[in-house]
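Step one of this worksheet: look at the structure below.
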């Protein structure tokens, strides 16, 4: 990681001096960027963390197997994987620096038997660049996005465990989703909408299971209160397991950093030590 270390501002700790946490965050749609409360919560969260040397992020919006990573070249164009929003969102940029050294480090912590496809041109989708644009607005940290290769909790816990050593190199690991994501069932499309019962029920169930460190209960999420309305498809919840797998102790209660709702969907986010 010599390249990432040499790019770090003077006075920052050397690799191994600071172990980064791993995060699960609700990334929201592009209108998140215009929400004063949520942007402040994300910015405050980032400012409370040690400065990362690099970021590896898995987003609900890139499901691909075998495992794949985004292009490592500097300034790779973004993926505008959304429709129906004002034009200015499609002109936004987030030109991160070269991440070749970070990509090499990611390869080094995966087993030799792990197939890993490296894209030459794929940039960050909105599940990655929207929250990062708020948390690290200068876009001066190398970023690699990794695909979500499965939805099996055990497979994703194992992937998180494999990625855990990155934390000792100053790399911030992020699982990016949305704790509830029942878009087809929303009836109030105001940002301050009261959470529907299914959203509130699923959020309460997840909060309780996380507080108890109950991985087995979380793995039974398809049977949780509020399902299947909370997650008619499950890709916004399953990044939870990558984050928990990267924890020093997956059965320890994570630190909840953001609560509340947006369009009635749960913003609950957390970090693990």
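For the modelled label position 7 Å from the Cα of residue 90 along Cα-to-Cβ, which residues of segment 110-135 have backbone nitrogen atoms closer than 20 Å?
The answer is 122-130.
Got the relative contact order for the chain handy, in percent, Cα pairs under 8 Å and 6 or more residues apart? Don't jump to the answer; show the numbers that get you there.
Details: 569 pairs, mean separation 79.9, N = 273.
Answer for the chain is 29 percent.
Can you tell me the 0 to 90 degree angle between the C-alpha axis of helix 100-109 and the longest principal axis of the chain, rounded to 10?
Once rounded, the angle reads 70 degrees.
Run the numbers for residue 115 and residue 259: contour at 0.36 nm per residue of separation, minus the present Cα-Cα distance, in nm.
48.2 nm
Using Stokes-Einstein with the Kirkwood hydrodynamic radius over Cα pairs, what translational diffusion coefficient do you get for the chain at 10 °C and a viscosity of 1.306 mPa s, in µm²/s rounded to a whole number?
Calculated translational D: 85 µm²/s.
As a test of the formula, what do you get for the chain when each DSSP H run with n ≥ 4 contributes -39,500 (n - 2.57) and the sum is divided by the residue count, at 222 nm and rounded to the nearest 500 deg cm²/dmol?
Value at 222 nm, helices only: -8000 deg cm²/dmol.
How far apart, in nanometres, would the label points at residue 194 and residue 140 be if each is projected 7 angstrom from Cα along the Cα-to-Cβ direction?
4.7 nm
Taking a point 7 angstrom from the Cα of residue 107 along the C-beta vector, which residues in segment 60-76 have backbone N less than 18 Å away?
Under 18 Å, as judged by backbone N against the label point of residue 107, lie 66-74 of segment 60-76.
Among the DSSP beta bridges whose two residues both lie in the chain, what percent are antiparallel, rounded to the nearest 5?
Within the chain, antiparallel bridges account for around 35 percent of the total.
Express the C-alpha Rg of segment 140-273 as a ratio against the empirical globular expectation 2.2 N^0.38 Å, rounded to two decimals.
1.05
In nm, what is the difference between 0.36 nm times the number of residues separating residue 204 and residue 187 and their Cα-Cα distance?
Full-extension gain reported as 4.0 nm.
Since every read-out is calculated from the coordinates, none of them should be taken as a lab result. Note that the structure is a prediction, hence the values are computed from the model and not measured. We place every Cβ from the backbone using ideal geometry, glycine too, and count neighbours over all the protein chains shown.
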